[in-house]
Amino acid sequence: MSKADKLFVNMCSHIIENGFSSEGQQVRARWEDGSPAHTIKTFGVVNRYNLAEEFPALTLRPTAIKSCVDEILWIWQKKSNKVSQLATHIWDSWADEEGTIGKAYGYQLGVKYKFPQGELDQVDNVLWQLKNTPYSRRIMTNIYNFADLSEMGLEPCAYSMTFNVTGNKLNAILNQRSQDILTANNWNVVQYAVLTHMFAQVSGLEVGELVHVIADAHIYDRHIDIVKELIQRPQYPAPKFSLNPEIKNFYDFTTDDIRIDDYQKNPQVKNIPVAI
């Protein structure tokens, strides 16, 4: 059975059984009808995924893997903030009148800085270090730029990646300040698992672990019954994942270079209310 499913079930069960409710507190998020979107949360969740062992897509329900990858390439490869450059419409609610999410996510990764090896953006610096100084303990990105927060459509939730090479394996830590567990957890896990696979391949490395650190792991009040049903579903073996082995440059990857086989999963959960 999928270990990603087991991690998800354990995390959700812990939040529901032991989490802290925001009822009675002022909250920013609202439902479409204007009522406050309360949550039950756990602080400081850490989940570890061995990417060398399995691909961490949930089987409890389908994860739209190519849509996940389209978004991660929009952020990390295109370094874009224009919602029109995405195949999905997941960012439309946060777009401004110019159709951008402001100085957020991909915009931050495209900003150039002076490094010892020259003027590079954060992504190019990571790729350069993985090839030239792979055992450095300084291979990381951070898009939580305080100077630009007021000009962001949404302050970044997944804000930092740290890469670490051990032997010939590329490990990564994804730091997230906040996560809506039902709608976004496996979406983000799959995205950064694929990104780690891509970075490993173009750097001549094997994949190791993805460690996902969530400061505020929460389930919205209107999601609790959905989650309770979801975690009772049958679990299946993880799907098989592979990348086009011909791709040696990160900027050449497309969603067509991803192959998913034997993805057995339960039906999709529909009509999930989303808090804004």
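The values are calculated or read from the model by the stated rules, or taken from the named source; none is laboratory data. None of these values were measured; they are calculated from a predicted model. Neighbour counts run over all protein chains shown; Cβ positions are idealised from the backbone, glycine included. Quick note on the areas: whole protein, heavy atoms, side chains included, nothing else; ligands and nucleic acids left out. Shrake-Rupley method; radii C 1.70, N 1.55, O 1.52, S 1.80 Å.
Suppose all protein chains stay in the model; what accessible area per residue would a 1.4 Å probe give for region 118-276, in Å²?
That works out to 46 Å² for each residue.
Over all distinct alpha-carbon pairs, what is the Kirkwood Rh of region 1-136 in angstrom?
18.8
How big is the dipole moment of region 134-267 about its Cα centre under a simple scheme where the beta carbon of each Lys and Arg is +1, that of each Asp and Glu is -1, and everything else is neutral? Debye, nearest 20, please.
Once rounded to the nearest 20, the dipole reads 400 debye.
What FRET efficiency comes out for residue 33 versus residue 89 if R0 is 22 angstrom and r is the Cβ-Cβ distance? Round to the nearest 0.05.
It comes out at approximately 0.60.
Suppose we keep just the DSSP beta bridges with both residues in the chain; what percent of those would be antiparallel, to 5?
80
Region 201-276: Rg/Rh from Cα coordinates, Kirkwood Rh?
My calculation puts Rg/Rh at 1.06.
Please identify, among 60, 205, 149, the residue showing maximal mean-square fluctuation in a Gaussian network model of the chain using a 10 angstrom Cα cutoff.
Highest fluctuation among the options: 149.
Can you show me the helix-derived [θ] at 222 nm for the chain, built from DSSP H runs with n ≥ 4 at -39,500 (n - 2.57) apiece and divided by the number of residues, rounded to the nearest 500.
-8000 deg cm²/dmol
Which of 186, 266, 18 moves the most in a Gaussian network model of the chain with Cα springs under 10 Å?
Answer for the Gaussian network model of the chain: 18.
Leaving out ligands, DNA and RNA, what percent of the accessible area of region 1-144 is carbon and sulfur, probe 1.4 Å?
Carbon with sulfur: 50 percent of the solvent-accessible area.
Express the relative contact order of the chain as a whole percentage, based on alpha carbon pairs under 8 Å and six or more residues apart in sequence.
28
Taking only the alpha carbons of the chain, what extent do you get along each of the three principal axes, in Å, biggest first?
Sorted from largest, the Cα extents of the chain read 52, 44, 32 Å.
Could you tell me the distance between the Cα centroids of region 96-157 and region 214-253, to the nearest Å?
24
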